[in-house]
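Everything below concerns the one structure shown next.
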Amino acid sequence: MAGLLRLARPINCVMSALGVGIGGVVAARSGAWGAFAGPLALAGAAAASFTAGGNALNDLYDRETDRVNHPNRPLPSGAVTLREAQAFTATAFFVAGVLAAVVNVFAFTVVILNIALMVLYEASLKAQGASGNLVIAYLVGSLFLFAGVSVFRSSTEPLVRTSILAALALFTTVGREITKDIEDVRGDVDRRTLPQRIGVRPAGWAAALAFLLGVLLSLAPLALHLLSVAYAVLVIPADGMFIYAALHSAKNPARSQRVAKYGMIVALAAFLAGALA
């Protein structure tokens with residue numbers, strides 16, 4: 001059991017559930033702890049179960065390299081057998097699908113799509129760099145989209161709010177992933193990352209463009225009058241962090257991706273403040 005818990009990485013699972021909760025507040029506002037509390041609780045549990053399955057799948061595909069790089073992980077250390085890890089992965093994905101199906105057909109569709117993308121990423125796209133970055137960015141953003149579809153009934157406004165948040169998370173995550181690849185360009189000998197394909201400076205421009213697209217998207221809730229003025233108060237410093245990350249993505253990738261992470265945290269706070277005020 002201890003080995004399976006380490007395989008699942010419970011902190012990551014809790015963070016995924018928390019992301020759905022934040023998306024639920026943005027989507028349903030006070031309804032997140034009222035009429036929509038049940039669907040959001042199921043959606044959060046589904047996200048946690050999906051994350052557990054994804055983490056286990058990652059360890060399954062990386063088990064040979066982990067024998068050298070991370071010998072204390074559950075599979076190379078022998079705490080979990082290969083068959084147990086495979087069964088755990090399948091069960092976690094199955095539970096995620098069942099929970100999502102109870103919520104509604106839209107949530108179930110998102111989970112099935114995400115499982116397919118997760119398998120494709122581990123089997124192929126991880127080693128290809130840019131396409132793998134896009135999949136990871138989508139999976140991060142899909143937490144908020146998942147919350148939006150989980151509370152969808154007839155009004156599209158909650159879905160629009162969470163879609164904007166999901167897109168902002170997608171673009172800023174793309175920027176961070178490319179920036180991390182710039183930082184690791186010399187050590188990535190088993191991947192064909194964007195910096196390796198086109199060079200560090202052009203990859204820095206690509207990362208900067210992704211960050212700036214996130215900044216532009218952050219203006220949409222104000223232009224569409226979807227969130228209160230409290231959103232603007234917090235999103236301005238978040239945008240400043242994204243712009244800083246864009247300007248330094250090639251010159252100082254370590255600092256750039258770190259500042260972008262903080263910017264995303266502030267942006268999440270801005271969406272919450274705008275939804276609740």
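Structure notes:
- Flag if A116 is assigned to a helix (DSSP H, G or I) and at pLDDT 90 or above: yes
- Any hit, the stretch 96-104, residues being not assigned by TED's automatic domain parsing to the domain that holds R161, not in a helix (DSSP H, G or I) and not acidic (D, E): yes
- Residue pairs whose Cβ atoms lie under 7 Å apart, sitting 6 or more positions apart in sequence or on different chains, and linking a residue in the stretch 119-130 that is in the same structural domain as P195 (by TED's automatic domain parsing) to a partner that is surrounded by 16 or more Cβ atoms within 10 Å (Cβ to Cβ), do not occur here.
- Scanning the stretch 74-92 for residues that are assigned to a loop (DSSP other than H, G, I, E, B) and touching a Gly at 6+ places or on another chain (Cβ under 7 Å) yields A79, V80.
- Taking the criterion of being over 17 Å from G175 (Cβ atoms) and crowded, with 18+ Cβ neighbours inside 10 Å, the residues of the stretch 197-231 that qualify are P221, L226, L227, Y231.
- Look at (1) crowded, with 24+ Cβ neighbours inside 10 Å; (2) in contact with a Leu (Cβ under 6 Å, 6 or more places away or on another chain); (3) more than 28 Å from G31 (Cα to Cα); (4) not β-branched (V, I, T) and you find that R176 fails only one, number (2).
- Test: residue in the stretch 232-241 that is surrounded by fewer than 20 Cβ atoms within 10 Å (Cβ to Cβ), at negative phi and of a type in the set (D, E, K, R): no
- Residue under evaluation S142, criteria (1) farther than 18 Å from A48 by Cβ; (2) small (G, A, S); (3) touching a residue at least 24 places away in the same chain (Cβ under 8 Å), criterion not met: (1)
- The condition of being under 23 Å from D239 (Cβ atoms) and not aromatic (F, W, Y) holds for only one of V160, V119, that being V160.
- Candidates L168, L227 - the one that is closer than 24 Å to L268 by Cα, aliphatic (A, V, I, L, M) and not in a helix (DSSP H, G or I): L227
- Qualifying residue in the stretch 150-169 (condition: closer than 23 Å to M15 by Cα, touching a residue at least 24 places away in the same chain (Cβ under 8 Å), polar (S, T, N, Q) and crowded, with 18+ Cβ neighbours inside 10 Å): yes
- Pair list, Cβ under 6 Å, 6 or more apart: the stretch 210-223 residue in contact (Cβ under 8 Å) with a residue 24 or more places away in the chain, other residue not in a helix (DSSP H, G or I): P221/L227
- Residues being closer than 18 Å to L213 by Cβ and assigned to a helix (DSSP H, G or I) - total across the stretch 244-277: 17
- All positions within the stretch 173-201 that are touching a residue at least 12 places away in the same chain (Cβ under 8 Å) and either farther than 18 Å from L134 by Cβ or touching a Phe, Trp or Tyr at 6+ places or on another chain (Cβ under 6 Å) (or both): G175, E183, V185, D190, V200, R201
- Which numbered condition F146 misses (of (1) within 21 Å of A90 (Cβ to Cβ); (2) of a type in the set (A, V, I, L, M, F, W, C); (3) at pLDDT below 95): (3)
- Among the candidates G53, G19, G24, residue that is in contact (Cβ under 8 Å) with a residue 60 or more places away in the chain, out of contact with any strand residue (DSSP E or B) (no Cβ under 7 Å at 6 or more places or on another chain) and under 14 Å from L159 (Cα atoms): G24
The values are calculated or read from the model by the stated rules, or taken from the named source; none is laboratory data. In this text, all values refer to a predicted model and were calculated from it rather than measured experimentally. Backbone-built Cβ (ideal geometry, glycine too); neighbour counts: all protein chains shown.
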